[in-house]
Structure formats: C-alpha cells, structure tokens
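The structure appears right after this line, and notes come after that.
The values are calculated or read from the model by the stated rules, or taken from the named source; none is laboratory data. Everything numeric in this text was worked out from a predicted model, so none of it was measured. Glycine also receives a Cβ, built like all others from the backbone with ideal geometry; neighbour counts cover every protein chain displayed. All accessible areas refer to the heavy atoms of the entire protein, side chains included, with ligands and DNA or RNA removed. Shrake-Rupley method; radii C 1.70, N 1.55, O 1.52, S 1.80 Å.
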Amino acid sequence: MATEVTLPQLGESVTEGTITEWLVDVGDTVEADQPLFELSSDKIDTEVPAPAAGVITEIKVSVDETVDVGTVVAVIGEGEEAAGADDQPSKASETQETEPAEAEAAETEAEPAEPAEPEAGEQAESTQAQPAADTTEQQPAEGKPAAEDTDQAVTDRVPVSPIVRRLAREHGIDLSAISGSGQGGRVTREDVEAAIDSAGEPEPAAGPSSAAAPAAAPSEAASPQQPSRPDVKAGEREHVEDLSRIRQRIAQRMMESMQSSAQLTTVQEADVTSIMQLRAQHRDTFKAREGASLSPFAFLARAAILAVKRHPTVNAQADWQAGKVRYHDYVNLGVAVDTEKGLLVPNIKAADDLTLAALSRAIAEAADKARGKGKLEMSDIEGGTFTVTNTGSRGVLLDTPILNYPEVAILATGAIQKRPVVIDDGTGPAIAIRDMVYLCLTYDHQLLDGADAARFVTDVKEVVETHDWAGEIGY
C-alpha cells in the first residue's frame, strides 16, 4: 500500500511552500519520521519527516518548485512496490533522459555532472558522428573516476543528498572528514558551506594580466604623470548572486509593514548605572544558579513588559476594515534574532508571566532555536504581540526599527555607553559618569498618537531606573 507525502500545513497563514532540497532519492529506504526534504515557507524553514516507513517510489515535485499546502510531493511504497522502486526513475529523471545508455542509467542514482559547453564546431561534429559522441560521454574526464568513486564510497557510509554531494565535489571538500549535524549523522548543506568557509578560497592563478604587471611597472615609475585609469566595462568587477529565500521573504515582510502602517519613531534616554552595577556584582552566581546569562537586554525587555501592562494600546492590533481594535491581555514578546540566514523573530508566549530569571532563560532559548541550535517551530514564530530588538549588541546608539506587522509597536535598545550626565545628588546639580542607553520606540501612528508613544517609552525609562531589580532576582 502506497503512502502519499503531502506538503504539510505549517501555520494558519501559510498557504504554500518551496522545496529547497530533497534529502532522499527514488529507491531509498526510509524510516518513519526520517527527514525527506527541506521546506521553505514565507515564515520558516524546516525539514519535513516521512509519514511512514518504506521505499521512495516517486518524487513529484522538483527542487525550487513552489506548491500549495496539501499537494502530493512524493510517494512511499512498501512490499512489491518497494521491491520495484529501484527500477522506476524519478519524474525529473524521465524528462531529462534522451538515450537509454547504461552510463546515464547509472548516473540517475548519483548526481549527474553538468555537461561542458561545446567549443566552435563541436556541435556539428557530434551531430554527424552520434555513435562516437555516445562513446565519449561514457568515458569520464581524466581524474574524475577517482573523485566519483570516492564520493560514492563516502555516501555509502555518510548520509548525503545529491545537492550536498555536488556542492562538496565542486569545492574539493572531503565529505568523510565532515561530522554531519543532521539526523543520523547526515551531512547538511550548512556543514559543507562551513567546511568551504574554513578552507578558504584558493589563490587565483597567475594570468596574462599579472604577468604583464611587472613589465609595465618601470615605465609607470619613470613617468611623472599619473597613468590614466582604464575604462571599466559593464559587468567587470561585479558579480551576481541569487537572493536567498529568507532575504526575499524579509524584503516582502518589510515592504508589507511599511505599506500597511504609518510608522514613526520616538526616542528616550535611560540611566542603567544601577542595573550594570547589580549585574557586575551577581552575574556569575546568577548564571550558576539559573543557567542563563544576566544580560542587560533581559532587564530592558522585562522593563518594557512591565510598562506594556499599563499601556495596552502598544500591545493591540487594529482591523481598519472592520473598524475594530483587539487588546491583548497577555504579552507574547517577539525577540529579533540575527542569524546566518537572516532576521528571525521568534516570540516568547505569555512573557508577562515570567520573572527576570525566567525571561533570561526564555530569551536565550529563543535565540538558540532561531540560530539552529534547536528546532524552531511555526508556533515559535506566530502570535507575537510586541517586539524588542537589541541593535545595541552591534554598538549602535540609535535605531528606527520597522514594525513586525501587524504589531503596532517595537522597542529597539541601543548600546550602553558611559557618558557624563548632569544629575541631582541631593545637594544640587552635578556632573557624573553614568551608564546610559537610548530606547527607540517605533509605533503605528494610525493607532497611537505621539503623546501615547512618549508616555509609554518614558514609563519604560522609569521602570529601568527605579524598579527593585535586586529583589526580583533574589539578592
């Protein structure tokens, strides 16, 4: 009995997805819950597991193809269907086969090498002498058999998808030397890309231009005039890369946010000297006790949550067509996380119910999951009500963040810096060195007026400076 593999429902607002990589081939035996393919949606990237054990008898959707939720993308067979799976080529292979040569049939199981572009005259010659051309195609290029044999030997021991195998071969990466981070020791694309980055790019070979440089040097040195710069032709000193899917999704979401809301940013300054002193005194014992760092960002996020409870409009969502506004009596705190793939914003459910210690752990866990140290679920992305972003982690003082639409407010925390500040120490104005931070609130001016935003961000400042932080962390 065959089992159909369908594109799963990842969230209420997700209607389609793109298969970015198949982790199995037609004829592969799979176990239930084994990852079959990588799926990219407009909110999250994830691996989709097999719904049942068996043998892959058919792959219906190609890599980079976008299909609707519920579409059948593959078929898993069992029994007699499984036994005959190796004899059935995948759908993509059937459309590409033009000759029934044994060499091509063998290459269906491995990644086929891309043919080189023919030089002038080769196309006509191959057309007139087809048998000779077929014989040539079956003879691998010099040195290639050893590489392909090595690839095959490695993939017999290490689970590797065809795309990952080809990427490793193109960059001269030894798959047997990589410790796979995927399920069952599978070597992922990220593993190979990390190995490529570690190896570095090879030095360019000396060409005619580099050989000509020394000869030109004496004349240039002898000339008192500055040599004229050569014209740069279109396409020179440029390179083109494909935009990643997550970058395209971020761009789409940012434009949607800007086009759907009237965004304005207001800034307040807060004195975090007492927080920094408390942190310096207790951060080691806190980490040992709670298992999480006592970061300044956790204090600022906690202060924002406490202020949100007194300013419900910043934690609301408006439906302008219906003429309604929904106020949330809870805070699902979005945390903007900078990852290698791009910006992700997981949110912490019911963050207003958490103490500072629990919030510190939750922020660390959300950041780890976003960066791939845990499995980020669709539920981690959906349902946010208010977002904070720590742009100060990169040394930035001020920022004007874009709303995580349909939320109506986002708070950016700048870098903490020591600055001379005028204070009142009880005997009159005095100048002191204090730890200061800028709090930047972007809000939807359709729902919040400037005075509303000012009151809220000033309330956050008051909480930062006057809250009993020592009592909250138990010291």
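Please tell me if residue 352 is farther than 24 Å from residue 44 by Cβ and open to solvent by 40 Å² or more (accessible area, probe 1.4 Å). Criteria not met by residue 352.
Among the candidates 398, 448, 403, the residue that is over 22 Å from residue 348 (Cα atoms), open to solvent by less than 60 Å² (accessible area, probe 1.4 Å), in contact (Cβ under 8 Å) with a residue 60 or more places away in the chain and assigned to a loop (DSSP other than H, G, I, E, B) is uniquely 448. Selection of the stretch 411-425 for residues being crowded, with 19+ Cβ neighbours inside 10 Å and either assigned to a helix (DSSP H, G or I) or touching a residue at least 60 places away in the same chain (Cβ under 8 Å) (or both) yields 411, 413, 416. For the condition in a helix (DSSP H, G or I) and among the charged types (D, E, K, R), residue 287 qualifies. Restricting the stretch 241-284 to residues that are among the polar types (S, T, N, Q) and not in a helix (DSSP H, G or I), the residue that is least open to solvent (accessible area, probe 1.4 Å) is 261.
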